[in-house]
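Read the structure below first, then the notes.
The values are calculated or read from the model by the stated rules, or taken from the named source; none is laboratory data. Note that the structure is a prediction, hence the values are computed from the model and not measured. As a convention, Cβ positions derive from the backbone with ideal geometry for all residues, glycine included, and neighbour counts pool all protein chains shown.
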Amino acid sequence: MASSSAPTSTFEDFLVAQAEAKRNALREMNADPSNWDWPISDGWTRSHSWDTFIKQCRSFDLEQLTTPGGTITLDVPVEHDTLDPTRGNLYIREVYLEVHEQLWERATTKRLGGMVLTGQPGTGKTMFLWYLLVCMLREKQVVLLYMASCDTVLFYHDQVFVAPASVSNLSLPHYHADKLDFSQVCIWSLFDVPVEDSVPKLVWKGICYPVTAPSPNRDRMKYFIKYRTPYIGGFPLWTLQELRDAFPLHLSYAALIKLLEVYIDHWSDALPKGPWGNIIEALKAEYGNEKPASVEEAWQTLMDIVIFHLGYAPRDVFKGMSELGQLKTVHLAALRVSYAEILDIVQTFEVSSQLPNDNKIVCIIPHRRPTDDVVLWDIDFKSLWVAKEVSRRLMEAQESEARRLIWILRGIPEAGALLGHMFEPFVHRLLTNERTGNPWPLLKMQSNDVKHAPTFAVDPSVAAASGTQGFPGLRRKVVRFDSRIPSSLAHGIYYIPQKKTSPFVDAFTVEIDNTTCSAILWLLQVTNSEHHDGSERGYTWIRELITALQDELESRRREPPKKKHKDSGAVRHKWEQNVNENENENEHKAKNPQVSVRYVLVRPKGEGSASWKMPEGWDVQTPQVDHRGPAYLLQVPMVAHASGSEVMLGSPRGSSTRVCEHCKHRMADFIILRTAMDGCLRATPPCCTASVPGARGHVTANRLSSGETHPVSGHDWTLTCEPAIALTGLWELSLPASSRSGAPVPLGDSDTLHSIHFFSFAGSSPHCPSWEYVVSEQAKSLADIYGSKWPPLPPSSTAFPSISTQLTRSPSSSL
């Protein structure tokens, strides 16, 4: 006879049930008036202005309060109404539900703690306190509400008492059996205090479980943290969908809709003027002469523009929907920062989790560590526009400082997103100034096969470079453009979209083959932050780009082939020439334009596994114009990065490249390392053997743009390089330093770096006795970091210049 038994409860199930039982017990104890005692003291006054609000909170059903993306409307007394911009409407974020559950769990496990919920200013932290108040009143909890400049409010079962905010010596209800027993019941103390106000001691009395939602400033909460051990949580920035869902609740929404209805009907002759002129101007720059398909599309496009400039905080976004021009002007002044100021912001945040008073430059992003539920924080530029402007200005005006900043940021985990943005202009410069023509190696990224929104990923430590695909290494002209796709697309041009409201790529370039009437569209993504996955509108932009490229190929196909000049020594019969040219022309005209797409994620070398999540809509409208294609990872070396005994330097700008008159090999960008301990180790000219007496060791040279590896052997202080090896382009030199006794000496193991020198030179072999000496920009940056003055360039001479300078590491610096 078959028997059935109930599934065995796991230990995790037991813990969950036990935690739920504790929460229910505390909830019921708090809600029972018989468990409380309170001899009302002077200072408290019975108030009836909240009676309607309490009844409203009790009337909400559970589903209304636990549905992410839902909305509730609150009837808050005028003197406490901070919901005026949303007309009393409260948007329920999914994170609100998660924090609400955490709050009950924390209150039952660490009763004398508390909760500090911080985040980027303008992300709705105060709104959460209103949401929490509604939930607690629905469950008949005792709640203390303190908001600066407003009366202090105590919700005590079915009654409400108020007291002036200036009065601090107020009594609070307590457990009826023991006034000092704080374990049986608690008052939920919700308070929101501006920077300039102090926190009254009333809100964290022993009977209270305090909850607050300040901006990230530890000085403001120093007393709270001193007397309690709170859990510090955080609210993330809003998603695009949350912003779209919540904006119709805002006061400015209705006015914007009416305005757009009028302007779309008169799009061709609508002039951007008046208070809303900057809004219409932004939309016209995006759409050109083709008006938006609908009012809804227009305001959603406008929101994309606002987010690009101001970021994902709803306060900024909703205000920017009507005042974008004014807010951009305010932010522009904040963009004039130096690398030292950026570094100060990051280091201050790293040490004290404190943002500067002016938050127009950066934002903070929380992420929870799954092992112990601790919230960690990253710091990023506030928006893509801010990131691009600051990075570009620093790179153009203070290049050596910008490179220094990149190097330092690599050592600060919280600044990973900032580093990505600072890295972008360097990548653009690197990929447009490759002199060798060698292709950059690409690692094929594998898709998880999610049709609508796939994620491509690769682990560089185990992946091999693609044998068939490489990103072309060329000197490219850079063309920057706004939202509209350039009218003509040319081979080898490096296009950088400036506004980037639709594209989710940072640059693109095209590789055109006229003989096959085909092209490869390379789409490059450099910054890979949490809010840089783009939207489905990006696919529309890419399809338009593909169509424009097809039109370009079609126009070239219809052009008659250019007549080739006769070779000086060749004689061809006229009839043979005409027949062949006609055949070539017919073949040329028969080919249809073909465009293939390649997605390339650009990351610093050594960053570990990489992934790229595509936006929703990957498989939409592909039969008409297919925007899909394989994804690759391109790794580039960071500037002036050194760790252990490995040194990486990029090609210096402006260094000359010559051809050796003896063996006709091109020469450029050599690296020489000199140490006081080991003498001189040198990567010799690529074409001829050279030697320096005194050193013993070896150097391994890796060509970063092609993945080639060549050993450079050394015997009796002589380093030789095979003539066929051309050390041009970007190289990584790995040097195992050794002492005279043969024991390994890692570079940078002491405060003085043994006079390590980083030189770059171009010139001829010993058969061509002239040497040209060039100090690389990266070498200068390295010297700057250690506070050294780089020696002036010596005049060209037949002897290799002997110049020394001491690079002394400061106590806080490290390689």
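Sort out which residues of region 89-104 are touching a residue at least 24 places away in the same chain (Cβ under 8 Å) and either among the aromatic types (Phe, Trp, Tyr) or over 12 Å from Leu65 (Cα atoms) (or both), and write them in order of number. The answer is Asn89, Tyr91, Val95, Tyr96, Val99, Gln102, Leu103, Trp104. Among strands (runs of 3 or more DSSP E) entirely within region 48-159, having at least 1 residues that are of a type outside the set (Gly, Ala, Ser), surrounded by fewer than 14 Cβ atoms within 10 Å (Cβ to Cβ) and under 36 Å from the mean Cα position of the chain (by Cα) singles out 71-73. Within region 308-320, residues that are more than 14 Å from Trp385 (Cβ to Cβ) have Cβ atoms under 6 Å from residues that are surrounded by fewer than 24 Cβ atoms within 10 Å (Cβ to Cβ) and among the β-branched types (Val, Ile, Thr) in no pair, counting only partners at least 6 apart in sequence or on another chain.
When the residues of region 270-323 are filtered to those that are of a type in the set (S, T, N, Q) and closer than 30 Å to Pro366 by Cα, which remaining residue is surrounded by the fewest Cβ atoms within 10 Å (Cβ to Cβ)?
Gln300
Could you grab me the full set of residues in region 120-178 that are among the hydroxyl-bearing types (Ser, Thr, Tyr) and more than 30 Å from Leu243 (Cα to Cα)? Passing the criteria: Thr152, Tyr156, Ser166, Ser168, Ser171, Tyr175. Listed by first and then second residue, the pairs linking a residue in region 597-610 that is on the phi > 0 side of the Ramachandran plot to a residue that is assigned to a loop (DSSP other than H, G, I, E, B) and among the hydrophobic types (A, V, I, L, M, F, W, C), with Cβ atoms under 9 Å apart and 6 or more places separating them unless they lie on different chains, are Gly606/Met638.
Could you list, ordered by first residue, the pairs with Cβ atoms under 7 Å in which the first is in region 414-432 and within 18 Å of Tyr495 (Cα to Cα) and the second is at pLDDT below 75 and not aliphatic (A, V, I, L, M), at least 6 apart or interchain? Sorted first by the residue in region 414-432, then by its partner, the pairs are His421/Thr527; Glu424/Thr527; Leu430/Gly650.
Cβ separations smaller than 6 Å between residues 6+ apart or across chains give the following pairs from region 39-64 residues that are in contact (Cβ under 8 Å) with a residue 60 or more places away in the chain to residues that are of a type in the set (Ser, Thr, Tyr): Ser41/Ser171. Residues of region 242-264 that are within 23 Å of Arg93 (Cβ to Cβ) and among the aromatic types (Phe, Trp, Tyr): Phe247, Tyr253.
Within region 593-614, the set of residues being out of contact with any helix residue (DSSP H, G or I) (no Cβ under 6 Å at 6 or more places or on another chain), farther than 20 Å from Phe423 by Cα and not in a strand (DSSP E or B) comprises just one member, Met614.
Looking across region 33-47, the residues that are among the hydroxyl-bearing types (Ser, Thr, Tyr) and assigned to a strand (DSSP E or B) come down to Thr45, Ser47.
Where strands (runs of 3 or more DSSP E) fall wholly inside region 423-481, the ranges with 1 or more residues that are under 26 Å from Lys613 (Cα atoms) and modelled with pLDDT under 85 are 465-471, 478-481. Considering every residue within region 293-304, establish whether at least one is under 28 Å from the mean Cα position of the chain (by Cα) and under 18 Å from Val330 (Cβ atoms). Checked against the condition, which is being under 28 Å from the mean Cα position of the chain (by Cα) and under 18 Å from Val330 (Cβ atoms), region 293-304 yields no hits at all. Residues that are in contact with a Pro (Cβ under 8 Å, 6 or more places away or on another chain) and not in a loop (DSSP other than H, G, I, E, B) are absent from region 160-181 altogether. Of all residue pairs spaced 6 or more apart or on separate chains, none has beta-carbon atoms under 6 Å together with a first member in region 442-461 that is within 24 Å of Gly473 (Cα to Cα) and not assigned by TED's automatic domain parsing to the domain that holds Arg628 and a second member that is among the polar types (S, T, N, Q) and exposed (fewer than 14 other Cβ atoms within 10 Å of the Cβ).
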